Every structure is written in structure tokens, then in C-alpha cells.
């Protein structure tokens, strides 16, 4: 009998009352939940703001075939609670040697690269993020702020943690310009198709 596949959905929105309540990130997270449930996945969830146990989060990562991070981009990064989450969860995964064993390098074999010590091969990770920045601010060398980089480049500080542990990173999904001229309804509508393509399901 085939074992049910599992997906871990991590929502790291941080609430600021009367300004940023998290409804948009909740909506994307719910879209992902409905999509994976419709494909027969068991859905594991963590809402970082509500609290978590680092060791339990390690076990969720071990169980999951797919991990999706839902995050706003606040002041050019994920909310600070996500950095705290990563530090605590990945340190637990390092100390238990469940995520990785060292950084991959050895003194005996200098050809082994930094970042190849992960133990989580076969899993996939994706970021879904919400931005005030418009789509046009990326991939354009004439843009003053980002100077030609892509969202893939920009999110490297998030995705590298997972790649470091051997997990495959799939193309990110983004909802741009959320306060001015973005099309949030269309971005929500198109999200399941991106998930299907990114994960081949």
C-alpha cells in the first residue's frame, strides 16, 4: 500500500493590529492547504506566531515530502519570528543530526563542497511571499533598488537553509504590489496551478 504523502505548511506572518492582520497570507496558506488536500496529501501546519516546539518542528520536517513557507516580505525580509524559528529548529536538527551532519567538507577530501552535508534529499521546499514591491522592480538592471536581481536571488537567505540540508528548492510564487496596483484575486486564483507545476503533481 502506498504511504500517504505529507506537506508541511509554515505560515510566518506576524500580526500588527490595525495595520497588518495576516488575512492575505492566511488566504494563500488556505489555498495551498486545499490544493494539497485535494491531491491526497496529509497536511501538517505551523503558524509560527502561535508558538511551536523546535524538536516537534524537526519531526514535521522529517515527515514532510514537501515544505511550503508562506511569508510577507516586511522591510525586505521575512518577519523576525521566522529567523528565530529557523535558528531554533535548524539548530535542533543539527544537534540531533537529523537535518545534516556538518557542512559537507572534510579534511580528507578537499573536493567536497561547503553545503553538501545535508540528510534531507528527496524533499522539496518552496517560498510563497507577499510584497509591496511591484513585479517590475525585479529582473531589470535599470531598477534602482534591486538592480536586476530576481526573487530567486532575493530569497536566497531563506532557501539556502533548506538547500544546505539537501532539500530541493522549487520556483517561488509571489504576490506583488499588494497595497497599490496588484491583482491579489488573480494571484490567489493562479496559485494552485503554480503548485501543481512546481511540485509535478
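Just so it is clear, none of the values below were taken in a lab; they were calculated from the coordinates. This is a predicted model, so every value here is computed, not measured. Using ideal geometry, Cβ is built from the backbone for each residue, glycine included, and neighbour counts are taken over all protein chains shown.
Would you mind classifying the stretch 24-72 by shape? Square roots of the alpha carbon gyration tensor eigenvalues, ordered a ≥ b ≥ c; an a/c under 1.5 is rounded, otherwise it is prolate if a/b is larger than b/c and oblate if not.
Verdict is oblate for the stretch 24-72.
Pick from 82, 52, 162 the residue whose mean-square fluctuation is largest in a GNM of the chain, springs joining Cα atoms under 10 Å.
Top of the fluctuation ranking is 52.
What ranking do 11-22, 28-39 get when scored by the average of other Cβ atoms within 10 Å per residue, highest first?
The most tightly packed comes first, giving 28-39, 11-22.
Taking the Cα centre of each part, how many Å lie between the stretch 62-106 and the stretch 1-29?
If we compute the Cα centre of each part, the gap is 16 Å.
Rounded to two decimals, what is the ratio between the C-alpha radius of gyration of the chain and 2.2 N^0.38 Å?
Its radius of gyration relative to the 2.2 N^0.38 Å reference: 1.05.
For the Cα atoms of the chain, what angle does the longest principal axis make with the long axis of helix 23-38, in degrees from 0 to 90, nearest 10?
For helix 23-38, the angle is close to 60 degrees.
What angle do you read, to the nearest 10 degrees and between 0 and 90, between the alpha-carbon axis of helix 184-199 and the longest principal axis of the chain?
Around 20 degrees separate the two axes.
Could you list 76, 146 in order of exposure, starting from the residue whose Cβ has the fewest other Cβ atoms within 10 Å?
76, 146
So what is the calculated 222 nm ellipticity per residue for the chain, using -39500 (n - 2.57) for each DSSP H run with n of 4 or more, over all residues, to the nearest 500 deg cm²/dmol?
It comes out at -11000 deg cm²/dmol, rounded to the nearest 500.
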